[in-house]
Amino acid sequence: QLQLVESGGDLVQAGGSLRLSCVATGTIYRPSTMGWYRQPPGNQRELVATITSGGSTNYADSVKGRFTISRDNAKDTVYLQMNSLKPEDTDVYYCNHKSFGGDFWGHGTQVTVSS
């Protein structure tokens with residue numbers, strides 16, 4: 001069974017930066033797409049950014065130019081560098097791993113941006 005463990009969430013002032021990390025452990029399937037999602041209250045979980053094993057990336061329009069996703073395949077780790085944070089970025093951020101082996105989620109890490 002694959003498990004995902006997120007870290008890096010914190011309280012930060014608007015305009016600040018955070019770096020989230022997510023490590024995959026257990027039975028890891030390759031190739032894969034790893035990514036970050038968030039779930040605003042009362043809404044469905046929404047995509048923030050994804051990255052394939054080959055390095056192709058996809059971003060939500062709301063974070064383009066501010067967030068950067070990257071991954072270290074040797075460490076089975078995905079990162080999300082978040083710059084110029086806004087109060088509306090406040091949310092729980094979930095790590096995701098998709099492959100032929102299935103669709104797995106982490107438990108989430110809280111990001112809070114104060115105005």
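Any idea which of (1) loosely packed, with under 15 Cβ neighbours inside 10 Å; (2) under 16 Å from G8 (Cα atoms) is the one M82 doesn't satisfy?
If we test M82 against (1) loosely packed, with under 15 Cβ neighbours inside 10 Å; (2) under 16 Å from G8 (Cα atoms), just (1) comes out false.
For segment 11-62, name all the residues that are of a type in the set (K, R) and more than 20 Å from D91 (Cβ to Cβ). Before you say what the answer is, go through the steps one by one.
Step one: list which residues in segment 11-62 are of a type in the set (K, R), which gives 19, 30, 38, 45.
Within segment 11-62, R30 is the sole residue that qualifies.
If I filter segment 53-75 for residues that are free of Cβ contacts under 8 Å to residues at least 40 places away in the same chain, aliphatic (A, V, I, L, M), open to solvent by 30 Å² or more (accessible area, probe 1.4 Å) and out of contact with any Cys (no Cβ under 9 Å at 6 or more places or on another chain), do I get at least one hit?
Yes - at least one qualifying residue is present in segment 53-75.
Under the condition of being open to solvent by less than 60 Å² (accessible area, probe 1.4 Å) and out of contact with any Leu (no Cβ under 8 Å at 6 or more places or on another chain), which residue from segment 22-49 is nearest to R71 (Cα to Cα)?
Only one residue tops the list, namely M34.
Restricting attention to segment 1-21, and to residues there that are open to solvent by 50 Å² or more (accessible area, probe 1.4 Å) and small (G, A, S), which single residue is nearest to Y59 (Cα to Cα)? Talk me through it step by step, then tell me what you get.
Within segment 1-21, the first condition is being open to solvent by 50 Å² or more (accessible area, probe 1.4 Å), and the residues that meet it are 1, 3, 5, 7, 10-11, 13-15, 17, 19.
Then keep just the ones that are small (G, A, S); that gives 7, 14-15, 17.
Details: S7: 20, A14: 21, G15: 19, S17: 17 Å.
Only one residue tops the list, namely S17.
If you check every pair at least six apart or on different chains, which have Cβ atoms under 9 Å apart with a residue in segment 24-35 that is aromatic (F, W, Y) first and a residue that is surrounded by 22 or more Cβ atoms within 10 Å (Cβ to Cβ) second?
Filtered contacts from segment 24-35: Y29/H97.
State which residue pairs qualify: first residue within 18 Å of T77 (Cα to Cα) and inside segment 99-115, second residue assigned to a strand (DSSP E or B) and aromatic (F, W, Y) in any location, beta carbons under 8 Å apart, and separation of 6 or more residues or different chains.
W105/Y94; G106/Y94; H107/Y94; G108/Y93; G108/Y94; T109/Y93
The values are calculated or read from the model by the stated rules, or taken from the named source; none is laboratory data. Please read all numbers here as calculations on a predicted model, not as lab measurements. For neighbour counting, all protein chains shown are included, and Cβ atoms are generated from backbone atoms with ideal geometry for every residue, glycine included. Protein only, heavy atoms only, side chains kept; ligands, DNA and RNA dropped before computing areas. Shrake-Rupley method; radii C 1.70, N 1.55, O 1.52, S 1.80 Å.
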